[in-house]
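Structure first, then comments.
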Amino acid sequence: MPLELTSITKRFGSREAVSGVSLTAGDGEFIVLLGPSGCGKSTLLRMIAGLEAPDSGSIRLAGRDITQVEARDRDIAMVFQSYALYPHMTIAQNIGYPLRVRKQPAAQIAEEVRKVAARLGLSALLDNRPRQLSGGERQRVALARAIIRRPKAFLMDEPLSNLDARLRVEMRAELKHLQHELRTVTVYVTHDQAEAMTLAHRIAVMRDGKIQQYDTPSCVYHQPANTFVAQFVGSPSMNLVEKSGEILGIRPEDVELSLVDQPGWSPARVYVTEEMGNETIVVLSDGSAQLTARAPAGFRAESDTPVWFRFRPEKLHRFDAASKIRK
C-alpha cells in the first residue's frame with residue numbers, strides 16, 4: 001500500500017488527540033478524513049506530513065517508514081486552507097518555487113510551470129501577483145505548486161473552506177478530475193460531509209481521536225457503523241428513535257408522508273417546512289419527538305397541519321441502545 005498508518009497515537013498533555021488510528025490508502029486513492037472540529041483529523045494529517053511527531057505507531061509511504069523522517073524529506077505536498085502564496089512573487093514564480101528550491105535548471109522550471117499552468121487554466125495569469133487573483137484562482141495556484149513537485153502523496157487541509165458555495169462546487173469537480181488524472185494518493189481533511197461524499201474513494205469518519213468507520217461513501221451513508229456516523233453523515237441527518245431496547249434509524253428520504261389518513265400510518269403535525277426548490281424538507285412533531293422527512297417540491301403544508309407518516313420497513317437501521325453500534 002502507498003500509505004499505511006499503524007496504531008498512531010498523539011497526546012497533548014493529558015489529552016489524547018489521536019487514539020490508535022490505523023488505515024491504509026491504495027495507489028491513487030482519494031481518502032477523506034471527516035469529522036467535527038477537535039476530532040483529531042488535522043492532527044493526524046500533520047503527523048503524516050511530519051509537522052507533528054506521533055507518540056506511538058508508524059507511518060509508511062510507498063513502502064518506506066517515514067515516522068521519524070523530517071517533513072522536507074518525505075516527498076509529500078500540502079495544500080492549505082490559507083493558500084500560503086508568496087505575495088511578492090508572480091504566479092509563475094509561486095508555482096515554480098519548489099523546483100527552484102531543488103535547484104533545477106531555469107529552462108526546465110519554466111517548461112514545467114507552463115505545463116502545470118495549462119492543465120489548471122492558469123496560463124494567462126502567470127505574470128500576475130496573488131493579490132490580483134480571485135479566491136478560486138489562488139487555490140488553483142496552490143494546487144499547481146503542489147502538483148509540480150510530483151510528490152508521492154498530496155495532503156489537503158480544508159483547502160476549499162475559504163471559497164463561496166459556487167466556487168466550492170466548481171473546485172470540488174476540478175479536484176476530483178485532477179486527482180483521477182494524477183493517480184497520486186491523496187488525504188483530504190474536511191468537516192463538510194458533502195465534500196467527503198463527492199470526493200472520496202473512502203471516508204474515515206473520526207470522533208474524539210478515533211476512526212468510527214472507514215469505508216466507501218456509499219457504505220458510510222447506507223450502512224453506518226454506529227449512531228454517530230448515522231447522524232453526522234447526511235443532510236438532514238438520520239432520524240433516531242429509541243424503541244424496545246434498540247435504536248431505530250431512518251433517513252428523511254425514507255419517511256413517507258400523506259395529508260390524508262392512511263391505514264396503519266402514524267399521525268403527527270407539521271412543525272415547519274423548508275422549501276429547497278427541488279424538494280421540501282418537512283419537520284414533524286408527534287407530541288413527544290420530532291422527525292424530519294423529505295417530500296417532493298410540490299408538497300404544501302402550513303405549520304400545525306395534520307399529517308400521517310410511515311417508515312419504509314426495508315430502509316430501517318437498527319442500533320444497540322447501549323453501545324450505539326449497528327446490529
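The values are calculated or read from the model by the stated rules, or taken from the named source; none is laboratory data. Note that the structure is a prediction, hence the values are computed from the model and not measured. Please note: Cβ atoms are built from the backbone with ideal geometry, for glycine as well, and neighbour counts cover all protein chains shown.
Descriptive notes on the structure:
- Residue ID - modelled with the lowest pLDDT, chosen from residues in the stretch 50-62 that are over 15 Å from GLY20 (Cα atoms) and either in a strand (DSSP E or B) or in contact with an Asp or Glu (Cβ under 9 Å, 6 or more places away or on another chain) (or both): ALA62
- Residue match in the stretch 212-220 (condition: in the same structural domain as PRO159 (by TED's automatic domain parsing), modelled with pLDDT of 95 or more and touching a Gly at 6+ places or on another chain (Cβ under 9 Å)): yes
- Scanning the stretch 208-225 for residues that are in contact (Cβ under 8 Å) with a residue 12 or more places away in the chain, of a type outside the set (Ser, Thr, Tyr) and surrounded by fewer than 19 Cβ atoms within 10 Å (Cβ to Cβ) returns ASP208, LYS210, ASP215, GLN223.
- Scanning the stretch 135-172 for residues that are crowded, with 22+ Cβ neighbours inside 10 Å and of a type in the set (S, T, N, Q) returns a single hit, GLN139.
- Checked against the criterion of being of a type in the set (A, V, I, L, M, F, W, C), over 26 Å from SER161 (Cβ atoms) and touching a residue at least 40 places away in the same chain (Cβ under 8 Å), the candidates ALA62, ALA25 yield just one match: ALA62.
- Summed over the stretch 31-57, the residues that are buried (at least 16 other Cβ atoms within 10 Å of the Cβ) and out of contact with any helix residue (DSSP H, G or I) (no Cβ under 7 Å at 6 or more places or on another chain) give a count of 12.
- Subset of the stretch 230-266 [in contact with a Phe, Trp or Tyr (Cβ under 9 Å, 6 or more places away or on another chain), surrounded by 15 or more Cβ atoms within 10 Å (Cβ to Cβ), in a loop (DSSP other than H, G, I, E, B) and of a type outside the set (A, V, I, L, M, F, W, C)]: GLY234, ARG251
- Flag if ALA110 is surrounded by fewer than 15 Cβ atoms within 10 Å (Cβ to Cβ), in the same structural domain as LEU45 (by TED's automatic domain parsing) and either without any contact (Cβ under 8 Å) to a residue 24 or more places away in the chain or more than 27 Å from LYS41 (Cβ to Cβ) (or both): yes
- Some residue of the stretch 83-104 being in a helix (DSSP H, G or I) and of a type in the set (Ser, Thr, Tyr): yes
- Hey, ALA110 part of a helix (DSSP H, G or I) and out of contact with any Gly (no Cβ under 9 Å at 6 or more places or on another chain) or not: no
- Annotation: of all residues in the stretch 113-133 being assigned to a loop (DSSP other than H, G, I, E, B) and surrounded by 12 or more Cβ atoms within 10 Å (Cβ to Cβ), the one that is nearest to the chain's Cα centre (by Cα) is LEU120.
- Residue match in the stretch 72-81 (condition: surrounded by fewer than 20 Cβ atoms within 10 Å (Cβ to Cβ), touching a Ser or Thr at 6+ places or on another chain (Cβ under 8 Å) and either charged (D, E, K, R) or assigned by TED's automatic domain parsing to the domain that holds VAL189 (or both)): yes
- Selection from the stretch 1-30 of residues that are within 21 Å of PRO217 (Cα to Cα), among the β-branched types (Val, Ile, Thr) and surrounded by fewer than 22 Cβ atoms within 10 Å (Cβ to Cβ): THR24
- Single residue of the stretch 194-207 satisfying the filter (part of a helix (DSSP H, G or I) and not hydrophobic (A, V, I, L, M, F, W, C)) that is surrounded by the most Cβ atoms within 10 Å (Cβ to Cβ): GLU195
- Restricting the stretch 220-229 to residues that are hydrophobic (A, V, I, L, M, F, W, C) and not in a loop (DSSP other than H, G, I, E, B), the residue that is farthest from SER37 (Cα to Cα): VAL220
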